[in-house]
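Here's the structure, in structure tokens; my notes come after.
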Amino acid sequence: MAVSSPCVSGLKTTAIHIYNMKNVITLLFLTLSISFTAFGQTLKNKEIKIPAVEYRQGIYYLELDSSTPYERGYQHGAALKFVIKKALKNFENWIKENTSVKIPEEAISDFTTNRRYIQSVKAQLPELFNEFQGIVDGAQVNFDQLFAYQSFDEFYSYLEAGNHFKTNEGNCTTTGVFGRKNKANYLTHNNDLPSYHEDAVTILKIKYPNSDVVILQQTFAGQIAQNGVNNYGVAVGINTIIDLPVSNTGIPVSFNVRKILESKNSAEALEYLKEVHFGTSMNYLIADRETAIAVETWKDTMKVIDHKNRQYIAHTNHTLQENAAVIYEIDAEVNDSNFGFTHGRLKLANKILEAEANDIDFEGLQKLKTTRPILNGSTLMGTIIRIPKKGFPVLWTTGGSPTIFHHVKFTF
């Protein structure tokens, strides 16, 4: 029978103690490192100037002017912390009331884990990812929850793919007017969205460091972007295309909107979109001082829609391409009401603009966008942007339905 030497046993025991001690020291070091990093970040965050928030007829307005994307996001999140937390609560309640999802947290976790939108943003748009992280930290909210909330179109597609919907919401309409001699161009957008966006309408005036680009970003508290215009005269409005394919990866719409608004003309915006894989199918109506274009996007593809040499363009929620690879048919006569009257809204917008495009102005577009069914029960915000040949653009938007709230003017 083999007998262990007391000396060897002692050495083994000592070695085990030393090994365990090393693990404890390593773990302690890592813990302290993380703690000091978090502590250092907390101290640094306390040095970030939190901007004042104005409340203009149902709209929150604040200016972001920090030197880094993270700090810019932190300003946004900290300044609107109460509004963001309330919006996220409304978001959870909306999921419970309008879908078959019993536990919103589980659906949100599944969405952020099994669809690679977050990874796409982090890899391709690190600065905007850092800005989003700043919003999370500033508002002190859950990362996944805020990401799902602000990635509305992608999360909507996720719910639709899982047959979770009890009701159907979202009927956005965009229009552009352009090419009129000595007259300003216009871009308009009705945000027809779920009710959890109510009371969160926000305008961010964003000043970029080491750049002369300034953005008037129309959005909702806690979200990177919705619509907007920059001081170069580049504007964008968006609407979902419900009959084109979606993807489980790619850049969510809100991040694409912000990148478009970092452009100095529509051509530069198009160059960005050519390189992007898209999280969901979407129309980006982009205008500048010269023209306006509708850009349909899905998966890794984009298509600029020919406006047939007209002075106007309109888009609703179905593709305008001929022979497009649609995932289902939306018949203008048979089932249009099931899809928010997308054909009816487009027909009405085109009819009005065909007759009035050469002379239409803010008041005419305001009337167009408050005519049913372009305006409907889901309309939470009506945005009109004026882009002059020279000088600064002007953005008007509403804090709720344009039938109840007046358009408020925002300038550079």
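Key figures
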read-out	value
Rounded Å value of the spacing that divides the Cα centres of the stretch 228-244 and the stretch 298-319	12
Amide H partners (placed H, <5 Å) of residue 214, local residues excluded	231, 232
Per-bin percent of Cα-Cα distances, the stretch 68-161 [10 Å]	17, 47, 31, 5, 0
For the stretch 362-412 and the stretch 48-114, distance of Cα centres in Å	23
Whole-number Å³ per residue for the convex hull built on Cα positions in the stretch 256-340	119
³J(HN,Hα) computed for each position of the stretch 282-298 - Karplus, 6.51 cos²θ - 1.76 cosθ + 1.60, integer Hz, glycine/proline x	7, 9, 9, 8, 10, 10, 9, 6, 9, 7, 9, 9, 9, 10, 8, 9, 6
Taking the chain and dividing mean pair separation by its residue count, relative contact order in percent (alpha carbons under 8 Å, at least six apart)	17
Per-residue HN-Hα couplings for the stretch 99-114 [Karplus 6.51, -1.76, 1.60; θ = phi - 60°; Hz; x = Gly/Pro]	10, 8, 6, 7, 10, x, 4, 5, 5, 4, 4, 5, 4, 6, 7, 9
Cβ charges +1 (Lys, Arg) and -1 (Asp, Glu), total dipole of the chain, debye	940
Average Cα contact separation per residue, the stretch 173-411, under 8 Å, 6 or more apart, as relative contact order %	25
Simple label model, 7 Å out from Cα along Cβ direction - residue 272 to residue 389, nm	2.8
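Values quoted throughout were computed directly from the atomic coordinates according to the rules given, and no laboratory measurement underlies them. This structure is a prediction, so every number in the text was calculated from the model and none was measured. A quick note on method: Cβ atoms are made from the backbone with ideal geometry, for glycine too, and the neighbour counts reach across all protein chains shown.
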